[in-house]
Amino acid sequence: MVPSLWSVILQVSELLKLPVEEATIPVILVLAIVLAIPYRIFLHPCRVGATTRHIVAIGLGFYFSYYLHSWGLVILLAKVVLCYILMVYLNPTYMPKVVFTVAMGILTVVNFREFLNYSPGNNVVITLMIFTAKITSLAWSIHDGFARDTTRHSDLQSKKAVRRIPSVLEYISYLFHFQGLAIGPFCFYKDYIDFIEGKHVVPYKIIKDGKEVVIHKEPPVTSTVLRKSSLAIMVAAIHVLMKSRIPLEGNIGDVACNASGFGFNGYDSNGEPKWDLVSNIHLKPLWLSSNIKVSIDNWHMSVNHWLRYVSYERLPYQKFSLTMLLSMIWHGFLPGYIWFYVGCLTLAIAQKRGRRVIRPYFTTSEQRKLFYDIVTWVGHWLVLSHFQVMFQLRHNARIVMFGRANYFWGQVTAVILIILLYRMKPPKKIESYNADEDQSRSLSSNSDPKAKSPDKQD
């Protein structure tokens with residue numbers, strides 16, 4: 001008899017003062033991390049075959065889905081089956097566009113229903129979002145592997161191309177594997193299959209103490225899991241104590257994946273192991289970011305990889321704007337999301353123009369560069385925080401009340417900056433200051449009087 005989790009979920013619900021549906025997620029996440037450890041040890045690719053690993057991952061995934069989705073599992077399965085039929089029987093040349101339309105169409109209908117009911121955060125909706133990203137990325141991967149001229153591939157498209165239609169077992173495992181069922185993270189099909197089949201454990205060449213060393217096995221993951229789990233506990237505590245809407249999936253979704261051995265991404269230039277293949281957040285670059293692009297690149301990273309893969313790299317024009325639109329539709333139609341994305345778009349336009357017409361004046365000395373970086377960092381986070389509050393408030397009445405109390409200063413600031421900056425013309429070429437470049441320029445001049453120093457790009 002399969003043990004029931006309802007008693008545990010109800011206790012957590014009472015303890016954390018959360019609705020039962022919301023209390024289900026932390027219970028499933030903790031259980032996924034606990035089960036991921038023996039999965040990595042006893043079902044390692046060197047011990048068992050891929051079929052066994054698929055079956056166990058699917059079995060645990062459906063067990064979790066019973067508690068997370070209840071009858072919503074029918075909607076998930078209907079979408080999964082329909083999209084698989086389209087992938088198998090349609091011509092790969094146009095198949096991804098049809099699959100994308102169907103998958104996004106189903107999600108859009110459900111999101112619109114949530115908008116009408118004002119009930120964000122439904123577990124079925126969250127899983128539908130992840131499934132949509134996985135299904136559409138797989139469709140484009142098959143397209144890149146079967147139909148597209150490889151000379152036109154980007155590096156990302158070449159790495160993720162799939163040259164064989166997945167079996168039903170592989171496809172279901174990719175979508176329903178227990179490590180990422182509750183709240184993700186998104187991963188590419190090829191990365192997941194390489195993990196299941198043990199192809200991620202390949203010899204890596206690194207330079208250590210000036211010598212080339214070949215490593216034939218994946219490194220221990222304990223320290224990575226402990227570090228990310230500590231962050232997860234901290235974020236969850238803030239979430240509960242402050243009754244906030246911090247998106248937990250952006251912070252703790254990949255712990256279970258790492259604990260099971262999924263997420264190893266080779267070694268860096270110093271020979272240190274990287275467990276960031278399915279990471280969702282890089283805290284340090286995020287906190288130090290001074291423009292919207294860098295902030296986006298280091299937050300919800302796995303989703304950003306999906307947006308780049310299915311949208312940004314394939315659009316012929318208006319790449320950023322249309323990709324932001326896709327992200328907004330994918331998240332849903334609650335007013336807070338729309339306010340946030342429109343605000344981010346105006347901020348991005350202002351920052352891009354400011355970098356072109358203002359920044360060159362501050363590249364002539366190290367002190368000016370530092371001053372520019374500090375001012376843009378402070379300004380960026382002040383305005384972005386204003387937009388983030390609107391994202392969390394979600395409902396239009398609350399947003400308007402907040403905006404009126406603050407005179408909508410974030411939106412007003414972004415619009416005024418756009419108007420002013422587009423009235424300015426980019427400066428003529430200004431020689432940038434760089435201490436290392438100055439030194440190399442001096443050495444070059446001493447060795448070759450005719451040598452000219454290269455212009456540094458802005």
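The values are calculated or read from the model by the stated rules, or taken from the named source; none is laboratory data. In this text the structure is predicted, and so the values were computed from the model without any measurement. Glycine gets a Cβ as well: all are built from the backbone with ideal geometry, and neighbour counts include every protein chain shown. The area values use the complete protein model at the heavy-atom level, side chains included, leaving out ligands, DNA and RNA. Shrake-Rupley method; radii C 1.70, N 1.55, O 1.52, S 1.80 Å.
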Ordering of 264-274, 305-315 by packing [mean C-beta count within 10 Å, highest first]: 305-315, 264-274
What is the P(r) of region 261-368, as percent of Cα-Cα pairs per 10 Å bin from 0? 12, 33, 32, 20, 3
So, by mean Cβ neighbours within 10 angstrom, what's the order for 149-157, 68-76, 361-369, 290-298 with the highest one leading? 290-298, 68-76, 361-369, 149-157
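Relative contact order for region 65-168: what percent, with Cα pairs under 8 Å and sequence separation of 6 or more?
28 percent.
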With the cut-off at 27 Å, tell me which of the pairs K160/K319; K97/K190; K369/K428; K190/K352; K211/K369; K79/K190 have Cα atoms farther apart than that. K190/K352; K211/K369
Average projected area [Cα convex hull, region 150-197], square nanometres: 4.0 nm²
Give a residue-ordered list of calculated ³J(HN,Hα) values for region 60-76 (Karplus: 6.51 cos²θ - 1.76 cosθ + 1.60, θ = phi - 60°; whole Hz; x for Gly, Pro). 5, x, 5, 4, 5, 5, 4, 7, 7, 10, 6, 6, x, 4, 4, 4, 4
Using only Cα positions of region 47-186, each an equal point scatterer, no hydration layer, compute I(q)/I(0) via Debye at q = 0.13, 0.20 Å⁻¹ and quote the log10 values to two decimals. -0.60, -1.23
Could you tell me what percent of the accessible area of region 25-152 is made up of carbon and sulfur, with a 1.4 Å probe and every protein chain present? 71 percent
For V34 and H282 in the same chain, what is the full-extension length gain: residue separation times 0.36 nm, less their Cα-Cα distance, in nm? 86.9 nm
Carbon and sulfur atoms account, in whole percent of the 1.4 Å probe accessible area of region 298-390, for 68 percent
